Amino acid sequence: MTPPNPFPLVRTVGLDGALVTFGDAVTEPANRAALAFRAEIERQHWDGVTETSASLASTYIRFDPVNVPHAEVTQRLAALLNQKDWYSTPLPEGRRLWCVPTVYGTDLAPQLEEAAAAAGLDPEEAVRRLSQTRVRVLTIGFAPGQPYLGPLGPEFNIPRLQELNPMVPEGALVLAISQFVLFSGPTPTGWRHVGQTAFRCFRPEMAQSFALRPGDEMLFKAVSREELEHIRDDNADGSGGATCQEITA
Amino acid sequence: MSLTVRRIGPACTLQDQGRTGFLDQGLSRSGAADILALHEGAALLGQSPDCAALEMAGMGGEFEASQPTRIALTGAPMKASIDGSPVVWNASHQLTQGQRLVIGAALQGNYGYLHVGGGVEAAVFLGSRSTHLTAKIGRVVQAGDVLAAGPDTGNTGLKLIPSERFSGGVLHVVASFQTSLFDNTALDRFARTKFRRGTRANRMGMQLESDGDGFAAKGQLNILSEVITPGDIQMTGTGSPFILLPECQTTGGYPRIATVLPCDMPRAAQTPAGAPIRFEFVTIDQAMALHTRFQSELAHLPRQVEPLLRDPHDIADLLSYQLISGVISATD
């Protein structure tokens, strides 16, 4: 007998938060639901709500519990959850496709071969697949503007490293568990460094500080090291030579 | 109204109450590690707690008044003097043009605060003046920097009795959404354990140590990354806890066993290395009572301010400082 499906599940986060979880794994419907539910709460401008966010499969709501008691928030969330099937809601509007020049492998991204081997592929085939897969911004988090991207094919469901990679630079494309992360700053990581871009996710000195939005899609097309160096020579806008177009469909 | 920084400790940053609304973009709140100290400084200077102040981790610096400037000193007590004369912590003081304020190492706690009348003026980024070092927003204050302040008039020579929070103690916590990943045995042991603050600490988080085994959750390595909030007590791979502070990551995969109440975060952040910490679970109702009391204490701070020199106890205290330091002679 299978236990009843507990999702969507509403739980408390510390003293001043609630978390609505749509699944215990990253699936396309759970991620859509988390994004759409967060967008709807933002749209409704509930009194006492101070901040919201969406993670891979959950929506987080922070509120002032002095103005809005926990019980009231829980009740409102339950009512909103019952309004429709959030798992089948469309992705947010205004999504964009970013095409980002990327050097795979070389000393700029030294763990490509290791990642390819873990996926059971030769490096050329791994690059071909990685560079042709349109991935979606599933969530932005950990560091400012930093996207978790997926899904990649099941062959890339490779574990995180046992030993941390002591430091990867800004713009590093790293891979684990069928996802990419595109780092917004230099950081140690347990993910494998397979590609290097000149794309800056967080541009605090510019009017638009955050480049990406959840739901955007990205394609990391392979370029040579020379091409990336050429792009870096003139990268004042931080785009790293990326093109950006609206997704209309 | 401005102060020129002549010397400065290695970890001093401008902080206000932090920025809200960018969690969805991966940017955590930042803001003062000791929010109570921010409110105390505002009360002493008769201004808004939204004003930015200089947060000094462990060590202050030397500041020269380019113009007459009101200041207040709060948070972790540090040895302070104006032109060589010791001055009282948790109080406001007037600096005349050219006077030098020297602030030494923390005597207790971690984070001392230097407030200026009118608040430190700095560029507002996404609604806040708070530096966020891990996000590379702003930077540490350096020698040669000028702490400019807005227009300002008002009194000085006022003091506050601070609430004690500089040597560890009990932190009240509530269960959070991952608490049930830990079994009852682990939770009981967690609540009974006498922790000590470890040596690894910065504005992102502070490590706790204890004798005995670590605390592991069920399926710890397969947990989906979820939202993180300041106050969360995160178990790392080795099962040793970190209390997360204002510059913490916004999401993460290590499970959180409980969350420290906002009213106890000043005490958490001010606990020095080696000092004891225990956790006490409370229900949401109990937590709300503590939270409401804290909010009301913050609101009442302006009414708790008293004149500095009227109390004989303080005068005696001041004299003892002067005798110890020996920099004031009877003929001055």
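The values are calculated or read from the model by the stated rules, or taken from the named source; none is laboratory data. From a predicted model like this one, the values you see are computed outputs, not experimental measurements. Every residue, glycine among them, receives a Cβ derived from its backbone with ideal geometry; neighbour counts consider all protein chains shown.
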Query raised in the report: Which one of these does A:Thr74 not meet: (1) free of Cβ contacts under 8 Å to residues at least 60 places away in the same chain; (2) surrounded by fewer than 17 Cβ atoms within 10 Å (Cβ to Cβ)?
Result: (1)
Query raised in the report: Would you pick out the residues in the range B:255-295 that are part of a helix (DSSP H, G or I) and either within 10 Å of chain A (Cβ to nearest Cβ) or of a type in the set (Asp, Glu) (or both)?
Result: B:Pro262, B:Cys263, B:Asp264, B:Ile284, B:Asp285, B:Ala287, B:Met288, B:Leu290, B:His291, B:Thr292, B:Gln295
Report task. Collect the residues in the range B:196-252 that are under 24 Å from A:Thr12 (Cβ atoms), more than 16 Å from the chain's Cα centre (by Cα) and β-branched (Val, Ile, Thr), keeping them in residue-number order. Result -> B:Ile223, B:Val227, B:Ile228, B:Thr229, B:Ile233, B:Thr236, B:Thr250, B:Thr251
**Report entry** strands (runs of 3 or more DSSP E) contained in the range A:85-166 and holding at least 3 residues closer than 24 Å to A:Ala25 by Cβ, in the same structural domain as A:Arg203 (by TED's automatic domain parsing) and in contact (Cβ under 8 Å) with a residue 24 or more places away in the chain
**Finding:** A:135-140, A:147-150
Query raised in the report: Can you name the residue in the range A:47-67 that is assigned to a loop (DSSP other than H, G, I, E, B) and surrounded by fewer than 18 Cβ atoms within 10 Å (Cβ to Cβ) and is also farthest from the other protein chains (Cβ to nearest Cβ) among such residues?
Result: A:Asp47
Query raised in the report: If you scan the range A:209-239, which residues turn out to be in a loop (DSSP other than H, G, I, E, B) and farther than 21 Å from A:Leu138 by Cβ?
Result: A:Val223, A:Ser224, A:Asp234, A:Asn235, A:Ala236, A:Asp237, A:Gly238, A:Ser239
Requested in this report: Could you tell me which residue of the range A:1-26 is farthest from the other protein chains (Cβ to nearest Cβ), considering only residues that are assigned to a strand (DSSP E or B), free of Cβ contacts under 8 Å to residues at least 60 places away in the same chain and surrounded by fewer than 20 Cβ atoms within 10 Å (Cβ to Cβ)?
Outcome: A:Leu9
Query raised in the report: Taking into account only those residues within the range B:133-185 that are surrounded by 20 or more Cβ atoms within 10 Å (Cβ to Cβ) and among the basic types (Lys, Arg), which is nearest to the other protein chains (Cβ to nearest Cβ)?
Result: B:Arg165
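Do we have A:Thr102 as of a type in the set (Val, Ile, Thr), in contact with a helix residue (DSSP H, G or I) (Cβ under 8 Å, 6 or more places away or on another chain) and within 29 Å of B:Met204 (Cβ to Cβ) here?
For A:Thr102, the condition - of a type in the set (Val, Ile, Thr), in contact with a helix residue (DSSP H, G or I) (Cβ under 8 Å, 6 or more places away or on another chain) and within 29 Å of B:Met204 (Cβ to Cβ) - is not met.
From the set of residues in the range A:27-46 that are among the polar types (S, T, N, Q) and within 13 Å of chain B (Cβ to nearest Cβ), which is nearest to the chain's Cα centre (by Cα)?
Looking at residues that are among the polar types (S, T, N, Q) and within 13 Å of chain B (Cβ to nearest Cβ), I get A:Asn31.
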Requested in this report: State whether one or more residues within the range A:172-186 are under 25 Å from A:Ala39 (Cα atoms) and surrounded by fewer than 16 Cβ atoms within 10 Å (Cβ to Cβ).
Outcome: no
Requested in this report: Identify all residues within the range A:177-197 that are within 16 Å of the chain's Cα centre (by Cα), away from every other protein chain (no Cβ under 11 Å), closer than 25 Å to B:Thr229 by Cβ and in a strand (DSSP E or B); write none if there are none.
Outcome: A:Leu182, A:Thr189
Requested in this report: Go through (1) among the β-branched types (Val, Ile, Thr); (2) surrounded by 23 or more Cβ atoms within 10 Å (Cβ to Cβ); (3) assigned to a loop (DSSP other than H, G, I, E, B) one by one and return the number of the condition B:Thr238 breaks.
Outcome: (2)
Report summary line: Out of (1) modelled with pLDDT under 95; (2) more than 14 Å from every other protein chain (Cβ to nearest Cβ); (3) not in a strand (DSSP E or B), the one B:Thr199 does not meet is (3)
